[in-house]
1. Quick check on the stretch B:38-58. Is at least one of its residues in contact (Cβ under 8 Å) with a residue 12 or more places away in the chain, over 14 Å from the mean Cα position of the chain (by Cα) and either within 14 Å of chain A (Cβ to nearest Cβ) or assigned to a helix (DSSP H, G or I) (or both)?
2. Within the set of pairs 6+ apart or on separate chains, which have a first residue in the stretch A:57-76 that is of a type in the set (F, W, Y), a second that is modelled with pLDDT of 95 or more, and C-beta atoms under 6 Å apart?
3. Hey, could you check the stretch B:32-53 for residues that are on the phi < 0 side of the Ramachandran plot and at pLDDT below 95 and say which is surrounded by the fewest Cβ atoms within 10 Å (Cβ to Cβ)?
4. Could you tell me which of the residues B:N69, B:N79 is touching a Ser or Thr at 6+ places or on another chain (Cβ under 7 Å), modelled with pLDDT under 95 and within 14 Å of chain A (Cβ to nearest Cβ)?
5. Whether any residue in the stretch A:63-73 is surrounded by fewer than 17 Cβ atoms within 10 Å (Cβ to Cβ) and within 13 Å of another protein chain (Cβ to nearest Cβ) is what I want to check.
6. Look through B:K74, B:K68, B:K5 and report the one residue that is without any contact (Cβ under 8 Å) to a residue 24 or more places away in the chain and of a type in the set (K, R).
7. Return the residue satisfying two criteria in turn: it lies in the stretch A:1-17 and is more than 12 Å from chain B (Cβ to nearest Cβ) and part of a loop (DSSP other than H, G, I, E, B), and of such residues it is farthest from B:V30 (Cα to Cα).
8. Suppose we keep only residues that are closer than 15 Å to A:T62 by Cβ and free of Cβ contacts under 8 Å to residues at least 40 places away in the same chain within the stretch A:18-39. Which one would you say is nearest to the other protein chains (Cβ to nearest Cβ)?
Amino acid sequence: MAERKVIDARGSFCPGPLMELIAGIKLIEIGDELEVLSSDKGSSSDIPEWVNKVGHEIVSNTEEDGVWHIVVRKTK
Amino acid sequence: MSTSKIFVMVVSGSLERLQMAAMVASVGAVSGNEVHVFLSMNALQYFIKGNDKTAPAEGSFGETMAQKNVPEFKTLFENAVELGDAKISPCSMAMDVLDVNSEDLEPYMTEPLGLTKFLSDSADGQIWSF
C-alpha cells in the first residue's frame, strides 16, 4: 500500500520547501507520496513547476488558512 | 524535458548576491540542468572550513532577509551538489591569493579550476555572474 509522509516546511522561505521535498523524494519508494506543508506562497507554484518538469505527479494542491498542502507522488 | 548547462560565476561577498547565486545553482541543479559554479574573489572566503563570518547585507532587502527563515546560501550550494549533482569549483587564482589549499575548503567542492577551462566549458551554456 502506498505510504504518505508529511514534510512540514511552514515558516521556511523559497527554495527551502522545494529542497525539503526533493530530499524527501530521494528517500521514499516509487508510488509513495509526500505532503508538503508550506506557508511560502512562492513555493506553492514553484513546487508544482518542479514536479511537472521532472515527471512526478501532483496528487492535490490546496490552501487553507495561508498554508499550502501539496501532495506529490513519486513516479520514477 | 529540456535541460541546459548553467555556469555560475560568483565573486561577490555580499549576502544578497551570494543568496541569489545559491538559488540559481540549487534550483537549476535540482531541475535537471548541469550546473557548474566558479567561486572567486570575495565569495571564496565563506567556503574555507571553519569560517564563521556572515556575509554582509548590501541593502535593506538583505537586512530583512537575514531576520527571516530563509535557507542559508551555503546550505543551498550544498543542496545543489547533493540533490542536483552540481559542481562547485574554487578559483585557483583566489586560492593562491588567499594562500589556501583544497583541504582548507569545504569537502563538497571540486579540485581548483582556472578561467581557461571555465571559459571553454561554458562556451555553449548559460552564464550567470554575481
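1. As a first pass, look at the stretch B:38-58 and keep what is in contact (Cβ under 8 Å) with a residue 12 or more places away in the chain: B:38-49, B:54-58.
Going one step further and asking which of them are over 14 Å from the mean Cα position of the chain (by Cα), we end up with B:49, B:54, B:56-58.
Applying the additional criterion that residues be either within 14 Å of chain A (Cβ to nearest Cβ) or assigned to a helix (DSSP H, G or I) (or both) yields none.
Checked against the condition, which is being in contact (Cβ under 8 Å) with a residue 12 or more places away in the chain, over 14 Å from the mean Cα position of the chain (by Cα) and either within 14 Å of chain A (Cβ to nearest Cβ) or assigned to a helix (DSSP H, G or I) (or both), the stretch B:38-58 yields no hits at all.
2. Short answer, once both residue conditions are applied: A:W68/A:S38.
3. In the first step, residues of the stretch B:32-53 are kept if they are on the phi < 0 side of the Ramachandran plot; the result is B:33-40, B:42-49, B:51-53.
Cutting the leftovers down to at pLDDT below 95 gives us B:51-53.
Values: B:N51: 14, B:D52: 5, B:K53: 9.
Applying the filter and picking the extreme gives B:D52.
4. Numbers: B:N79 fails: modelled with pLDDT under 95.
When all the criteria are applied, what remains is B:N69.
5. Scanning the stretch A:63-73 turns up no residue that is surrounded by fewer than 17 Cβ atoms within 10 Å (Cβ to Cβ) and within 13 Å of another protein chain (Cβ to nearest Cβ).
6. Values: B:K74 fails: without any contact (Cβ under 8 Å) to a residue 24 or more places away in the chain; B:K5 fails: without any contact (Cβ under 8 Å) to a residue 24 or more places away in the chain.
When all the criteria are applied, what remains is B:K68.
7. Within the stretch A:1-17, the subset more than 12 Å from chain B (Cβ to nearest Cβ) is A:1-8.
Checking the rest, the ones that are also part of a loop (DSSP other than H, G, I, E, B) come to A:1-3.
Values: A:M1: 28, A:A2: 25, A:E3: 24 Å.
Looking at residues that are more than 12 Å from chain B (Cβ to nearest Cβ) and part of a loop (DSSP other than H, G, I, E, B), I get A:M1.
8. Step by step, filter the stretch A:18-39, then rank; the result is A:S39.
The values are calculated or read from the model by the stated rules, or taken from the named source; none is laboratory data. Since we're looking at a predicted model, the values are computed, not measured. All Cβ positions, even for glycine, are placed from backbone atoms using ideal geometry, and neighbour counts span all protein chains on display.
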